[in-house]
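Sending over a structure as structure tokens; questions will come in a sec.
The values are calculated or read from the model by the stated rules, or taken from the named source; none is laboratory data. Remember, predicted model here, so these are calculated numbers, not experimental data. A quick note on method: Cβ atoms are made from the backbone with ideal geometry, for glycine too, and the neighbour counts reach across all protein chains shown.
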Amino acid sequence: MAFTTSSQIGVDLNNASSTQLFTLNQSVLGSDDSLWQYVVATAALVTGQLVAIQPQGTAIALSTGFVAASTGGLDIGVAQFPISSTQYGFVAKKGTNLYILCSGTVPPTTQVAFSATSGALVTSLLAAVGNTAAGIYITTSASTAGLSCAIGIVTFPRAAPATSTTPMS
């Protein structure tokens, strides 16, 4: 996907940089009704990978450990291009036609969840309780035995609260 337009001069929503060009955590608007946040990667990130954004603006691949340990909510973004460790770039917080890394087959309109594979999604039936994702909607299927990118809509991704399957009496 190419996000060539932005509300700010000098913003590149398609490439990482080894030089810090903006304030960490700075937000900008992009095409396709997208919102982006400026981060520095603490490890190599791949296209479509979900990342946990720390308060200081560092980004690391999202893991189920982050989801389980989070009590005050997670700040999650989606990398739209590779970002090497210690490089700077923008990650998507909101938008349409975004790449989303998936593990296995994830058909459109299916409830998704955070997988044990860092930064990827699976169908919610394959995930542990409490790892269901909200704010992510797959529009074009990803179907492979390994990792692949689907296309989807992201609206401030977050962990959905765990729900009980026990009927109320």
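Out of the residues in the stretch 118-136 that are buried (at least 18 other Cβ atoms within 10 Å of the Cβ) and closer than 18 Å to D75 by Cα, state the one that is modelled with the highest pLDDT.
I136
Determine which single condition L74 fails, assuming it passes every other condition in (1) part of a loop (DSSP other than H, G, I, E, B); (2) within 15 Å of the chain's Cα centre (by Cα); (3) at pLDDT 95 or above; (4) not β-branched (V, I, T).
L74 satisfies every listed condition except (3).
Let me ask you something else. Considering only the stretch 84-123, give the strands (runs of 3 or more DSSP E) lying wholly within it that have at least 1 residues that are over 21 Å from A160 (Cα atoms) and not charged (D, E, K, R).
Answer list for the stretch 84-123: 88-103.
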